[in-house]
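Participant: Provided herewith is a single structure, encoded as C-alpha cells, for subsequent inquiry.
The values are calculated or read from the model by the stated rules, or taken from the named source; none is laboratory data. Keep in mind the model is a prediction, meaning the values are calculated, not measured. Note: ideal-geometry Cβ built from the backbone for every residue, glycine included; neighbour counts use all protein chains shown.
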Amino acid sequence: MKLSVVITTRNEAANIANCIHAFDAVRDEVEVIVVDNASTDDTKKIAADLGATVLDKGPERCAQRNLGWQMAKAEWVIVLDADMILPQETIKEMLGIAGRGQDLGRKTDDGRPDLASKVSSPLAYWIPEIRTGSGIRVKARNFERSFYDGTCIDALRLFHKSILEKTGGYDESLIAGGEDWELDIRILETGAKCAILKNHLVHNEKQLTLKRMLEKKAYYSKSMTAYQAKWRGHPALKKQFGLVYRFFGVFVERGKWKRLLRHPVLAFVMYFERMAVGLIYLLNR
C-alpha cells in the first residue's frame, strides 16, 4: 500500500462517489478511508459499496482527520474533503512520490524516519487547487487561489505519516477553522521540508453562491479566536489576518504583481469578494 486517502464527510451523498471513483484504477496501491460525522443521508452506504473503509468520528473535521491518518496503513496520507476530485496525473505524481526512495535521514529503532536528523526530501506537500463551475466569480476565485500556492494562506494536504506522528496531527480544540494553518505552523517549525505538487486537485464548488460562501466564512470566523490566541505574535498570523499581506502582499510578492496587471477584470472581482469576506470576518470576531 503506497497511499492512504482520508476523506471527511457529513451528508456528502452527492459528492462522495466522484471523490472515491478517482482512485478506481489504482486501488491495488491506494486505500480509501472515509471518516463520517453523523450523516443522515446515504454517504456511508455509498462509500462502503465502493470499497472504502468507513469510520465514525466527530464532532468536527479535525477529529475526523486525525482518526483517518492514525488508521492509515500507508506511509503517505492525503487529506481530502468529499467535494474534491483528484485528476489522474495528480494521483500518478503522488504515487511516484510515495514509491520512490526518500532521503528521510536516519531511522529510529522501529524503522521510521528520525526527524531530529537531516531530512532532504519533503515530508509534506501543498496541492494547487482549481474550482469547478462557470462564470466570472469562479474564474476570479481560481485566479485568487493561484496566488496562494505554498504560502501561509495555503494548507498542506499530502503528508508522510511520520510528520503527523511527530506533531500529533490536527489540534482538535480548534473545532471549526484554523486547524489547517495551525498544523502547517507546527510542521514547518520542526524544520521539515515542504514542497508544492506540480499537479492540482479539483474542488467542486458549483453550488457555492456568494451568499453561501459568506455564510461559511462567518461560521469559521467565529472560531478563529482560539487559533489566534494559541499563536499570537507568530509571523504567519500577522500575514494571514493582516490587511497588508492578505490584500496586497500575497498578490505582488515574487513578481506575482504582473499577473494582476494582465487580468484587471479578474483582479477587480477578486478584490470585491475579498473585501466582502473581510467585512464578514470583522463582524463575526
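Participant: Let me confirm something: among Val26, Val6, which residue is crowded, with 17+ Cβ neighbours inside 10 Å and either at positive phi or among the β-branched types (Val, Ile, Thr) (or both)?
Facilitator: Checking each option against the conditions leaves just Val6.
Participant: Write out, first by first residue and then by second, each pair whose Cβ atoms fall under 7 Å of each other, whose residues are 6+ apart or on separate chains, and whose first residue, in the stretch 245-269, is within 20 Å of Arg137 (Cα to Cα) while the second is among the β-branched types (Val, Ile, Thr).
Facilitator: Val250/Thr151; Val250/Ile153; Val269/Ile136
Participant: Here's something else I'd like to know. Identify, from the list Ala47, Ala13, the residue that is surrounded by 15 or more Cβ atoms within 10 Å (Cβ to Cβ) and in a loop (DSSP other than H, G, I, E, B).
Facilitator: Exactly one of Ala47, Ala13 is surrounded by 15 or more Cβ atoms within 10 Å (Cβ to Cβ) and in a loop (DSSP other than H, G, I, E, B), namely Ala13.
Participant: Quick one: in the stretch 117-134, which of the residues that are assigned to a strand (DSSP E or B) and among the hydrophobic types (A, V, I, L, M, F, W, C) is modelled with the lowest pLDDT?
Facilitator: Taking the candidates together, the pick is Ile130.
Participant: Looking at (1) closer than 30 Å to Ser134 by Cα; (2) modelled with pLDDT under 95; (3) of a type in the set (A, V, I, L, M, F, W, C); (4) buried (at least 18 other Cβ atoms within 10 Å of the Cβ), which one does Met213 not meet, given that it meets all the others?
Facilitator: (4)
Residue-wise test of (1) among the basic types (Lys, Arg); (2) over 25 Å from Gly96 (Cα atoms).
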position: Arg141; (1), (2): yes, yes
position: Thr151; (1), (2): no, no
position: Asp154; (1), (2): no, no
position: Ile163; (1), (2): no, no
position: Asp171; (1), (2): no, yes
position: Glu179; (1), (2): no, yes
position: Glu182; (1), (2): no, yes
position: Thr190; (1), (2): no, no
position: Asn204; (1), (2): no, yes
